[in-house]
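One structure is given below, encoded as structure tokens.
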Amino acid sequence: MDFSFTREHELVKQLMKQFVDNEVRPIAAEIDETERFPLETIEKMAKYGIKGMSFSSQYGGSNTDYISYVIAVEELAKACCSTACIYAVSTGLVAAMIEKFGNEQQKQKYLPGLLAGTSIGAFALTEANAGSDASAQQTVAKDMGDYYLLNGSKTFITNAGYSSVYIVMAMTDKSKGVKGISAFLVEKDMEGFSIGKIEEKCGVRASSTGELIFEDVKVPKENLLGKEGKGFNIAMAGLDGGRISIATQALGLAEGALDEAIKYVKERKQFGKPIGKNQGLQWYIAECATKIEAGRALLYKAAWLKQAGLPYGKEAAMAKFYNSELAMEVTIKALQMHGGYGYTKDYAIERMFRDAKITSIYEGTSEVQKIVISRHILDL
Ligand code: COS
């Protein structure tokens with residue numbers, strides 16, 4: 001048993017800290033306030049050498065392991081959950097799904113851009129009436145011989161409008177239920193594909209969340225991802241990994257919030273002493289730090305299982321469930337420790353508190369994670 005990082009992990013962490021301090025933290029409040037998608041930040045990551053974490057160099061990756069990817073997302077989320085979310089969806093979800101389920105031609109076509117940050121990817125499963133019940137897909141892809149004719153719409157899609165490639169789930173055979181769902185690689189310029197409403201959100205405001213509309217989009221046969229009828233399995237398998245990414249965002253947020261609180265309780269003086277000298281706040285700090293340690297252990301265990309090629313769906317769901325609830329708890333406590341100042345935009349904790357909530361909702365609510373966990377345990 002070994003809980004330590006390798007030298008490579010330490011280097012990734014160091015590089016990420018440098019990148020985050022120089023390029024992410026300074027603009028985090030501004031991009032949240034103006035809802036500006038930080039395209040340039042994603043591109044700059046590659047320039048710092050943070051490129052295609054966990055992907056093979058054959059497709060433009062850096063040959064680092066999956067733990068290195070987790071470290072990268074954790075460091076981003078400590079300072080800006082929006083940036084962590086954009087990066088994680090584009091690489092940890094979309095590029096990872098293409099790497100796992102795509103054919104050679106698809107990998108060569110899409111991975112280099114996604115890994116270099118010169119293009120962004122999105123994952124489109126959710127529909128107005130297919131949220132937690134992801135199998136209730138209404139979007140249809142009709143086999144027309146040389147191509148599929150795609151009609152329908154998707155909602156709440158992360159990176160909508162900024163992505164060049166979208167993994168879209170659609171029904172190729174409604175009579176087969178979940179076995180009639182297929183996955184497609186839809187490109188932004190395909191005729192009949194448009195972006196609808198972009199949501200105005202409570203948190204992760206610099207990430208884009210929007211509607212996709214498909215009106216007679218001709219998707220070439222070669223853009224089918226994996227086998228026809230396997231779309232639901234592909235989506236679920238993708239989400240197993242995606243859930244590690246969200247758990248990582250949540251953990252990073254909790255750690256970032258605790259850092260802010262520690263700094264504040266040492267600086268802020270009331271009754272003639274730093275407020276951190278009060279036992280009530282010391283206990284808040286101790287509770288948060290202990291739970292963060294527990295969350296880290298759950299998360300890195302899930303990541304380690306994934307890296308080792310072992311089953312990790314249950315552990316990914318546990319890590320997401322625990323860390324996303326924790327992100328909310330820690331940001332609330334950290335804001336409380338800031339008193340009235342924490343409720344203003346002068347302090348980062350106000351944004352972190354708003355950002356935390358989404359982690360227990362997207363890529364499967366906490367309630368869905370509990371379904372997944374209990375199914376693994378009970379095997380009924
Ligand atoms: N990996 C691969 N395949 C999986 C899988 C996984 N993790 N989980 C399920 N499947 C497969 C099953 O094996 C089954 O296929 P077979 O019949 O070929 O064996 C198929 O998918 C259907 O599985 P199941 O019957 O469990 O599907 P349900 O409709 O009951 O799914 C939940 C249940 C709630 C777990 C699922 O709908 C879910 O995860 N919902 C949340 C979706 C979500 O995260 N939405 C957010 C959108 S992304 S921001």
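The values are calculated or read from the model by the stated rules, or taken from the named source; none is laboratory data. The structure displayed is predicted, hence computed values, not measured ones. Reconstructed Cβ throughout: ideal geometry from the backbone, glycine too, with neighbour counts over all protein chains shown.
For region 1-10, enumerate the residues that are surrounded by fewer than 14 Cβ atoms within 10 Å (Cβ to Cβ) and either in a loop (DSSP other than H, G, I, E, B) or of a type in the set (A, V, I, L, M) (or both). Hits for region 1-10 are Met1, Asp2, Phe3, Ser4, Thr6.
Select, from Leu185, Leu253, the only residue that is touching an Asp or Glu at 6+ places or on another chain (Cβ under 8 Å) and of a type in the set (A, V, I, L, M). Let's see the steps before the verdict.
On the way: Leu185 fails: touching an Asp or Glu at 6+ places or on another chain (Cβ under 8 Å).
Only one candidate qualifies: Leu253.
Considered as a group, the residues in region 136-161 that are small (Gly, Ala, Ser) and under 14 Å from Gly231 (Cβ atoms) include one that is surrounded by the most Cβ atoms within 10 Å (Cβ to Cβ), and that residue is Ala141. Can you pull out every residue in region 230-270 that is away from the ligand (no atom under 16 Å from the Cβ), basic (Lys, Arg) and either under 30 Å from Lys179 (Cβ atoms) or assigned to a helix (DSSP H, G or I) (or both)? Within region 230-270, Lys263, Lys266 qualify.
Could you tell me which residue of region 108-124 is surrounded by the fewest Cβ atoms within 10 Å (Cβ to Cβ), considering only residues that are in a helix (DSSP H, G or I) and within 16 Å of the chain's Cα centre (by Cα)?
Here is the first cut: in region 108-124, the ones in a helix (DSSP H, G or I) are 108-116.
Applying the additional criterion that residues be within 16 Å of the chain's Cα centre (by Cα) yields 114-115.
Values: Leu114: 27, Leu115: 25.
Among those residues, the one meeting the criterion is Leu115.
Among residues of region 182-205 that are surrounded by 22 or more Cβ atoms within 10 Å (Cβ to Cβ), those with a beta-carbon under 7 Å from a residue that is among the small types (Gly, Ala, Ser) and in a strand (DSSP E or B) at least six positions away or on a different chain give the pairs Ser182/Ala141; Ser182/Ala170; Phe184/Ala141; Phe184/Ala170. Within region 155-181, the set of residues being touching a residue at least 60 places away in the same chain (Cβ under 8 Å) and within 12 Å of the ligand (Cβ to nearest atom) comprises Phe156, Thr158, Asn159, Ile167, Met169.
Would it be correct to say that Ala206 is modelled with pLDDT of 95 or more, in a loop (DSSP other than H, G, I, E, B), out of contact with any Cys (no Cβ under 6 Å at 6 or more places or on another chain) and more than 16 Å from the ligand (Cβ to nearest atom)?
On the way: modelled with pLDDT of 95 or more: yes; in a loop (DSSP other than H, G, I, E, B): yes; out of contact with any Cys (no Cβ under 6 Å at 6 or more places or on another chain): yes; more than 16 Å from the ligand (Cβ to nearest atom): yes.
Yes; evaluated as a whole, the condition is true for this residue.
Of the residues that make up region 358-366, is at least one more than 16 Å from the ligand (Cβ to nearest atom), surrounded by 14 or more Cβ atoms within 10 Å (Cβ to Cβ) and part of a helix (DSSP H, G or I)? Looking for residues that are more than 16 Å from the ligand (Cβ to nearest atom), surrounded by 14 or more Cβ atoms within 10 Å (Cβ to Cβ) and part of a helix (DSSP H, G or I), one finds none in region 358-366, hence no.
So, restricting to helices (runs of 4 or more DSSP H) that lie completely within region 11-105, which ones have at least 1 residues that are closer than 26 Å to Ile349 by Cα? Outline the logic, then answer.
On the way: elements: 25-34, 39-47, 66-79, 81-87, 96-101.
Hits in region 11-105: 25-34, 39-47, 66-79, 81-87.
In region 283-290 there is no residue that is buried (at least 22 other Cβ atoms within 10 Å of the Cβ), of a type outside the set (D, E, K, R) and within 23 Å of Arg375 (Cα to Cα). Close contacts from region 231-253, counting a first residue that is in contact (Cβ under 8 Å) with a residue 40 or more places away in the chain and farther than 19 Å from Glu367 by Cα and a second that is within 7 Å of the ligand (Cβ to nearest atom) and not in a helix (DSSP H, G or I), with Cβ to Cβ under 8 Å and a gap of 6+ residues or different chains, come to Phe232/Ala134; Phe232/Ser135.
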